[in-house]
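Just below is one structure, and these are the notes that go with it.
Rule-based calculations on the coordinates, nothing more; no lab input. Remember, predicted model here, so these are calculated numbers, not experimental data.
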Amino acid sequence: MAWNTRLSQLNDALADLAYSHEAIARLAQEAGLQPSKINFSGNAMEIWHSVISELDKRSKTADLFAVAQEHFAENPFLMAAIGSEHIDYSIAPQLDDISTWKNPDYAELEVLTMEKTTLLPITFLELGMRKAISVAKVEVKIGSSTNVGTGFLAKFPVNDKVFFVTNYHVISDKTKIPYTKIIFNYEDDLEGGIKHTEVFKINAEGIWITSPINEFDVSIFEISDEKLTLKNYGFIELYNVEAPKNEFVNIIQHPGGQSKQLALYHNIITSSSQRAIQYLTDTLKGSSGAPVFNSAWDIVAVHHSGGILKKDEAPLPFGFKSRNEGIRIDAIIGYFDKMITNGK
C-alpha cells in the first residue's frame, strides 16, 4: 500500500512504545522481517519508517498491525490506525517544523528532579480538581475522519465574557463549526467507568478570534449554551504570569482523545521566551490546546506541540518522556486584547 496517514500513525506510536534496537528487532521479526534487513541508523522514528517500508514491500503491514495490537492493545494511536473510524492524531505540528528546540542543561535537570522538594500543600489537589472542571475534549468529525484535541473555558482580563480556548490547528476556521463538539466531564469515575458527559456546540454568531500556527496557534470562541448549563463548568481566570526557566508545570489534557488526565511528574520548563515556553513532560497527540499550569495552578501557556529526540540529540534524563512547547498565556492575552480593541 502507498504510505498514508495510518502508516504514519503506526510509525509514530511504535517509535514511542518500542524504541530500543532490541525491541524493534523483536517486533519486526514477529511480523516477518529478519533483523538483518533492518537499517538501524537514525532514531527510533527513522528505524521504524525503514521497518514499515520493508514490510510494505513484502505485503506484510497487516502482520505488523496484528503484532502491534497484540502487544499494545490499549494504545489509542494504534487502535485509530487499525480501526475503521479514522482518528487523525497527526494534526499537531512537529516541534522542529515550527520552532528551534533549545537543549536543556541536563545536569541541572538531574539536580532539580532529585534534590528539589516535591512536597505540596494538600490544597494543591483540591485546587487542581477545580481547574480541571473547565477543561474539555474537542472533537472535529468530518466524514469518517475525526480530529481530537483539548481546550478550556477562560475569562480574559479585558472582557467579561467566558470563552473557549484551544489551538488553531485543532479548529482553524468557521466551516468546521457544524462538525465540532466540545465535550465536558469526559473523565473516569471511581468505579472505572466514564462520568456522564455533556456536549456543547460552538456559537457560530459569537466572537471568533484565531491566530495561525507560526504566530500564536490559538482559536478563541464562544460556546452555545441553550440549556444554560455551561456555568456548571466554571472558567479559569487568565492573567499575565511569569514562566521562568526551571519552574515545574502541570498539564490537564485529553491525550489521544482519551478521558481527562493530568501530567504531574518531572515537568520542567527548560526555556522561556516572550512567545513560548519549552518544557519536558509527558504528553500525547490529542493534548493540543491543553492548559499548562504552574504549581499555583495559574495557566502559563497553551500546549501546542511536542516531539521526540532527534538522532544527534543527547538522551533525556530518566523520567522525562518528550520535548514540548506551549504558547505563553501572556502572548495570547496580548493578542486577544489587540483583536478586541480593534473590533474583531
One would report the Cα pair-distance distribution of the stretch 165-213, bin width 10 Å, in %, as 22, 42, 24, 12, 0
Relative to the compact-globule estimate 2.2 N^0.38 Å (N residues), the Cα gyration radius of the stretch 5-83 stands at a ratio of 0.95
Output the direction-averaged projected area (hull surface divided by four) of the convex hull of the alpha-carbon atoms of the stretch 136-237, in nm². 7.7
Kindly flag which residue pairs out of LYS174/LYS227; LYS174/LYS231; LYS131/LYS155; LYS137/LYS245; LYS155/LYS181 have an alpha-carbon separation exceeding 18 Å in this structure. LYS174/LYS227; LYS174/LYS231; LYS137/LYS245; LYS155/LYS181
